[in-house]
1. Using the structure shown, decide if residue 42 is in contact with a Lys or Arg (Cβ under 6 Å, 6 or more places away or on another chain) and either free of Cβ contacts under 8 Å to residues at least 12 places away in the same chain or polar (S, T, N, Q) (or both).
2. Please specify each residue of region 1-18 satisfying the condition of being charged (D, E, K, R) and either touching a Cys at 6+ places or on another chain (Cβ under 9 Å) or not in a loop (DSSP other than H, G, I, E, B) (or both).
3. Would you mind stating whether residue 46 is under 22 Å from residue 1 (Cβ atoms) and at pLDDT below 85?
4. Can you confirm whether residue 13 is on the phi > 0 side of the Ramachandran plot and modelled with pLDDT of 85 or more?
5. Starting from residues that are surrounded by 10 or more Cβ atoms within 10 Å (Cβ to Cβ) and not aromatic (Phe, Trp, Tyr), keep the ones in region 5-18 and report whichever is farthest from the chain's Cα centre (by Cα).
6. For residues in region 49-63 being open to solvent by less than 90 Å² (accessible area, probe 1.4 Å) and either assigned to a strand (DSSP E or B) or among the basic types (Lys, Arg) (or both), which is modelled with the highest pLDDT?
Amino acid sequence: FAEDGRGGALVIGNDRFPTSLLDLPAVVESFKTYDDSALVKTVDIGQMIIVGEGDIVADVMEYRHGLPPLRDARKRRFLREPDLN
């Protein structure tokens, strides 16, 4: 990682891939099952690392959409209440 703690590089063999550490808009819980019936919470996920092939320039610290099922999560979660007057 770079000195800012947000950018860096992933090295696989002789290949270098730029990375960026971003915050997710909401905490995501991860679950695991051992017997296909009961779920056990394993971890809370609050950040993710994006790995790309070109130069990644992260001018923001928060990834707006989060994980694919959470597209526009912050916008939908904190909608303004309609004026009912």
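The values are calculated or read from the model by the stated rules, or taken from the named source; none is laboratory data. All values derive from a computational prediction rather than experimental measurement. Here the Cβ positions follow ideal geometry from the backbone for every residue, glycine too, while neighbour counts run over all protein chains shown. Side chains are part of the model used for accessible areas, which takes the heavy atoms of the whole protein and leaves out ligands, DNA and RNA. Shrake-Rupley method; radii C 1.70, N 1.55, O 1.52, S 1.80 Å.
1. Yes, satisfied.
2. Hits for region 1-18 are 15, 16.
3. Working: under 22 Å from residue 1 (Cβ atoms): yes; at pLDDT below 85: no.
Taking the combined requirement at face value, the residue does not satisfy it.
4. So residue 13 passes the test.
5. Ranking the candidates gives 16 first.
6. Taking region 49-63 and keeping what is open to solvent by less than 90 Å² (accessible area, probe 1.4 Å), we get 50-52, 54, 56, 58, 60, 62-63.
Pick out the ones that are also either assigned to a strand (DSSP E or B) or among the basic types (Lys, Arg) (or both) and you get 50-51, 62.
Working: 50: 83, 51: 86, 62: 66.
If we take residues in region 49-63 being open to solvent by less than 90 Å² (accessible area, probe 1.4 Å) and either assigned to a strand (DSSP E or B) or among the basic types (Lys, Arg) (or both), then 51 is modelled with the highest pLDDT.
Conditions (1) assigned to a strand (DSSP E or B); (2) surrounded by 11 or more Cβ atoms within 10 Å (Cβ to Cβ); (3) at pLDDT 70 or above, marked per residue:
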| site | (1), (2), (3) |
| --- | --- |
| 20 | yes, yes, yes |
| 26 | yes, yes, yes |
| 31 | yes, no, yes |
| 65 | no, yes, no |
| 81 | no, no, yes |
